[in-house]
Every structure is written in C-alpha cells, then in structure tokens.
Amino acid sequence: MTPTELALAERIEQQAMLERTLDWAGINSGTRNLAGLSAMADRLANAFSTLPGELLLMEPEPVERVGVRGDVEALAHGRHLLLRVRPHAERRVLLTGHMDTVYAADDPFQRCDWIDDATLHGPGTADMKGGLALMLEGLTAFESTRPALGYDLLINSDEETGSLSSNRLIADCARGKIAALTYEPGLPGGMMARARPGSGNFAAVIRGRSAHAGRNPEEGRNALVAASDLALRLAAAVHPGLTINPARIDGGGPNNRVPNLAILHFNMRPRSPEDQVQAQATLDGLVADITHSHDVSLHLHGRFARPPKPITPATERLFGLVAQTARDLGDALDWADTGGVCDGNNIAASGVPVIDTMGACGGAIHSPDEFMLISSLVPRAQLTALILHRLDGGFAP
C-alpha cells in the first residue's frame with residue numbers, strides 16, 4: 001500500500017464504531033415499528049450529518065398489502081435517509097444500508113449482551129447496525145483525503161420486507177453510478193456474496209361460494225380446498241432454478257359452512273432472469289388451472305420485487321478490487337453464491353456492479369441468537385475507506 005493508504009487505514013478506530021452499534025441496536029427498529037424507525041432515522045441523521053453534502057429524510061412510496069379479509073389495504077413505512085455528496089462529480093458511487101430489523105416492537109429480543117470479549121449478542125448487531133457504524137467510520141476516514149469522488153448514501157427503512165417503499169429511490173440513486181457497495185453482513189467465515197436469486201412475494205386471494213356443509217355442500221365452492229390445491233401444485237413446481245415456499249393460508253370458517261374465502265401467501269425465488277420468466281409463466285398457468293378446476297375466482301397480488309442478481313464482467317472486476325484491497329490489508333477474501341436476497345439485487349438490475357456484503361461479520365441473523373464479531377469492525381471499515389480511495393484514484397469496474 002502507498003503511504004497515503006497506510007495513513008488512511010490507521011485512522012480507523014474501533015471504539016466509536018462499537019459505541020454506535022450498541023446505541024443503535026438498543027433502538028427497536030422493526031420494519032413495522034414506525035415510532036422506532038423514526039427514532040432510528042433521527043439518530044442516523046445526526047450521526048451521518050458529520051459528512052459533507054445534503055442529508056434528507058425521504059418519505060416512503062405508497063405500498064399495499066392483502067388483509068385477512070382479502071381486501072387490499074395501505075401499509076405504512078418509515079422514512080428513508082439519503083445523503084448526496086459531491087452530486088456534480090464526474091465519477092460517483094452508491095453506498096446502501098438499511099435501518100430496519102426483523103424484530104418487532106414486542107419481540108422479546110431487545111437488548112445486547114456479551115457472549116465473550118469478542119462477540120456482541122444483540123438484535124440487528126450484524127444485520128446491520130454494525131454495518132452502518134463501520135460504513136460511517138470508513139466514509140469519515142475517506143473524506144480526510146479530500147476526494148473528488150462523489151457518492152449517494154441511502155439507508156432505507158424497509159429492506160427486510162422487500163424494499164417496496166424504497167425500490168424507486170434505489171433505482172434513482174443507482175442511475176449513473178460506476179459502482180455500489182451495500183452493507184449486508186458477511187457470509188459465514190467473512191465471505192462475500194456472489195450471485196443471488198430473485199424473490200417475489202405473492203398473495204392469492206381465492207373467493208368461492210358458501211353453502212351448508214351438510215344440507216347442500218355440492219352448491220358450495222370451497223376456497224380453502226382451492227388454496228390448498230394451489231399450495232401443493234406450487235410445491236410440486238420446484239426445480240433447480242426455482243424454489244417456492246407456500247407459507248400461510250388465511251381464511252376458512254365454521255365446520256358446518258363451506259368456506260368462501262382463503263388467501264395463500266407464498267414466496268418464489270428464481271435463480272436467473274430466464275428462471276423468473278419461466279416462474280411467471282408457471283404461476284399464470286396454475287392460476288388459470290385453479291380458477292377453472294375449482295370454479296372459483298382468484299386474484300393474485302404481488303410481484304418479483306427482487307430481480308435475480310447474476311454476475312457480470314464489471315462485477316467480477318469490482319470484486320477483484322475488493323479482494324486485492326483486502327489482501328493488502330492482510331485478509332484473504334473470497335465470495336460464493338447465496339440463496340438470500342437484498343437491495344444488491346435491485347442495484348444490479350439497474351446495471352451497476354455491486355458488492356453487497358460489505359458489512360460486519362457475525363451470524364445467526366434473523367434469530368434471537370444474532371451476534372456480531374467485534375474484530376470485523378476495523379478491517380471492514382478500512383476496506384470501505386481504501387476501496388473508495390482507489391475508485392477515487394481512477395479504478396473503473
């Protein structure tokens with residue numbers, strides 16, 4: 001590394017990152033906890049305001065969901081934090097993270113404690129409040145070099161539920177960027193994520209016809225049976241390029257009445273863009289079959305909000321920069337395909353190369369055993385600062 005890069009890496013300090021992680025993890029910011037998200041957005045706005053540029057709290061886009069009665073209803077979301085730094089720079093990048101967690105306001109997992117001196121156990125520590133803390137530390141060090149590189153920094157409030165209220169904002173921020181870094185936690189062993197599948201969440205609202213279960217059941221059209229049939233057919237449509245998870249059926253009623261409403265909720269994950277096209281065709285065919293064979297109406301709500309993330313030559317070159325920078329810092333870094341999805345999917349769909357596991361290392365995310373490895377904070381913050389410095393120096397993915 002050059003003397004400038006060595007000095008840049010030495011600016012990174014662990015204590016500030018650890019204190020921020022503990023503070024932010026103490027705020028419950030589950031995606032549906034609007035009060036907690038508001039408090040978290042204000043806390044982040046105060047912390048990131050130390051960086052240059054214009055900081056905004058953006059209102060979410062309208063989002064709808066299917067309620068238990070089958071009606072479409074509005075679903076409120078929190079605000080998203082956006083920081084634009086040197087917006088007129090010739091070369092600009094995108095950094096993204098999320099402030100929401102999977103832990104609801106009434107979840108029993110609310111506090112941090114220590115597993116040992118090196119391992120912090122707590123809600124959102126790895127996913128991704130530790131990642132936000134190290135992102136800020138890396139950017140603060142990078143700004144000390146008086147760079148020319150510009151960037152947008154987006155921290156949304158709804159990543160854990162598909163970024164439905166921030167999808168358009170992500171696409172707008174990605175436009176024209178030469179590269180993107182997203183601060184999801186590292187994979188086991190600190191590996192980076194390579195290719196990702198797409199993901200679509202759907203609700204099939206099936207309406208049949210009520211009838212007496214004993215006197216005239218033949219005049220009824222059982223929506224619950226139709227929903228169950230659809231679930232079984234979806235499960236049978238799985239293949240190496242597509243996973244399908246029928247997750248929940250709402251509806252039904254008294255034992256002596258043929259149920260006239262059922263709602264099947266399910267997730268589909270295609271491996272490639274071609275698999276997504278095939279998955280949509282399969283879904284359309286099943287909807288038609290169920291409607292006809294059970295003599296019911298079926299309305300499908302939902303879409304593939306996360307497109308598949310294939311690996312492009314530009315992404316390969318960007319990972320080459322990341323891996324070489326990690327080696328220069330004394331860390332051998334590899335990557336592997338994963339079944340998870342994140343905002344990196346949406347950024348890649350905009351044609352921007354993205355490395356989307358730049359955050360802290362840890363494990364057991366989305367569970368009451370979630371933990372973060374303290375030893376990952378400094379190396380990952382150094383990695384951020386040096387990657388940005390090298391992009392500022394002219395590296396082009």
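Out of contact with any helix residue (DSSP H, G or I) (no Cβ under 6 Å at 6 or more places or on another chain) and not in a loop (DSSP other than H, G, I, E, B): does that describe residue 37? Yes, satisfied.
When you scan the stretch 91-107, how many residues do you find that are within 24 Å of residue 137 (Cα to Cα) and outside any strand (DSSP E or B)? Step through it out loud before you land on a result.
Of the stretch 91-107, the ones within 24 Å of residue 137 (Cα to Cα) are 91-101.
From what is left, the residues that are outside any strand (DSSP E or B) are 91, 99-100.
Number satisfying all stated conditions: 3.
Take the residues of the stretch 317-333 that are part of a helix (DSSP H, G or I), out of contact with any Leu (no Cβ under 6 Å at 6 or more places or on another chain) and touching a residue at least 24 places away in the same chain (Cβ under 8 Å): which is surrounded by the fewest Cβ atoms within 10 Å (Cβ to Cβ)?
As a first pass, look at the stretch 317-333 and keep what is part of a helix (DSSP H, G or I): 317-328.
Those still in the list that are out of contact with any Leu (no Cβ under 6 Å at 6 or more places or on another chain) too: 317-322, 324, 327-328.
Now narrow it down to the ones that are touching a residue at least 24 places away in the same chain (Cβ under 8 Å): 317-319, 321-322, 328.
Details: 317: 15, 318: 24, 319: 20, 321: 19, 322: 23, 328: 17.
Residue satisfying both the conditions and the ranking: 317.
Against the conditions (1) under 30 Å from residue 347 (Cβ atoms); (2) in a strand (DSSP E or B), residue 283 satisfies every one except (2). A residue that is under 21 Å from residue 213 (Cα atoms) and not assigned by TED's automatic domain parsing to the domain that holds residue 63 occurs somewhere in the stretch 263-286.
Conditions (1) outside the structural domain of residue 97 (by TED's automatic domain parsing); (2) farther than 13 Å from residue 192 by Cα; (3) of a type in the set (Asp, Glu); (4) out of contact with any Cys (no Cβ under 9 Å at 6 or more places or on another chain), marked per residue:
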residue	(1), (2), (3), (4)
302	yes, yes, no, yes
333	no, no, no, yes
346	no, yes, no, yes
354	no, no, no, yes
363	no, yes, no, yes
366	no, yes, no, yes
371	no, yes, no, yes
388	no, yes, no, yes
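For the stretch 244-271, which positions are among the polar types (S, T, N, Q) and either assigned to a strand (DSSP E or B) or surrounded by fewer than 17 Cβ atoms within 10 Å (Cβ to Cβ) (or both)? If you could, list the steps in order and put the result at the bottom.
First pass over the stretch 244-271, keeping only residues among the polar types (S, T, N, Q): 245, 255-256, 260, 267.
Result: 245, 255, 256, 267.
Filtering 314, 360, 381, 288 for residues that are touching a helix residue (DSSP H, G or I) at 6+ places or on another chain (Cβ under 7 Å) and part of a helix (DSSP H, G or I) leaves a single hit, 381.
Taking the options 208, 150, 162, name whichever one is out of contact with any Asp or Glu (no Cβ under 7 Å at 6 or more places or on another chain), within 30 Å of residue 240 (Cα to Cα) and either crowded, with 20+ Cβ neighbours inside 10 Å or not aromatic (Phe, Trp, Tyr) (or both). Within the list 208, 150, 162, the selection yields 162.
Looking for whichever is over 30 Å from residue 174 (Cβ atoms), more than 17 Å from the chain's Cα centre (by Cα) and among the β-branched types (Val, Ile, Thr) here; the options are 277, 322, 287. Which one fits? Please lay out each step first, then the result.
Values: 277 fails: over 30 Å from residue 174 (Cβ atoms); 322 fails: over 30 Å from residue 174 (Cβ atoms).
Matching residue, one of 277, 322, 287: 287.
Look at the stretch 172-189 and say how many of its residues are in a helix (DSSP H, G or I) and touching a helix residue (DSSP H, G or I) at 6+ places or on another chain (Cβ under 7 Å). Of the residues in the stretch 172-189, 1 are in a helix (DSSP H, G or I) and touching a helix residue (DSSP H, G or I) at 6+ places or on another chain (Cβ under 7 Å). Within the stretch 339-348, which residues are of a type outside the set (D, E, K, R) and either part of a strand (DSSP E or B) or buried (at least 20 other Cβ atoms within 10 Å of the Cβ) (or both)? 341, 342, 344, 345, 346, 347, 348, listed by residue number.
Looking across 313, 397, one residue alone is more than 20 Å from the chain's Cα centre (by Cα), under 30 Å from residue 241 (Cβ atoms) and free of Cβ contacts under 8 Å to residues at least 60 places away in the same chain. It is 313.
Every condition in (1) outside any helix (DSSP H, G or I); (2) out of contact with any Leu (no Cβ under 9 Å at 6 or more places or on another chain); (3) of a type outside the set (Gly, Ala, Ser) is met by residue 19 except one, and the failing one is (1). Cβ-Cβ contacts under 9 Å between residues 6 or more apart (or on different chains), taken from a first residue in the stretch 94-120 that is in the same structural domain as residue 364 (by TED's automatic domain parsing) and touching a residue at least 60 places away in the same chain (Cβ under 8 Å) to a second residue that is surrounded by fewer than 14 Cβ atoms within 10 Å (Cβ to Cβ) and in a strand (DSSP E or B), are listed as 120/113; 120/114. All of 300, 242, 283 fail the test of being touching a Pro at 6+ places or on another chain (Cβ under 6 Å), more than 14 Å from residue 228 (Cα to Cα) and touching a residue at least 12 places away in the same chain (Cβ under 8 Å), apart from 242.
The values are calculated or read from the model by the stated rules, or taken from the named source; none is laboratory data. Nothing here was measured: the structure is a model prediction, and the numbers come from that model. All Cβ positions, even for glycine, are placed from backbone atoms using ideal geometry, and neighbour counts span all protein chains on display.
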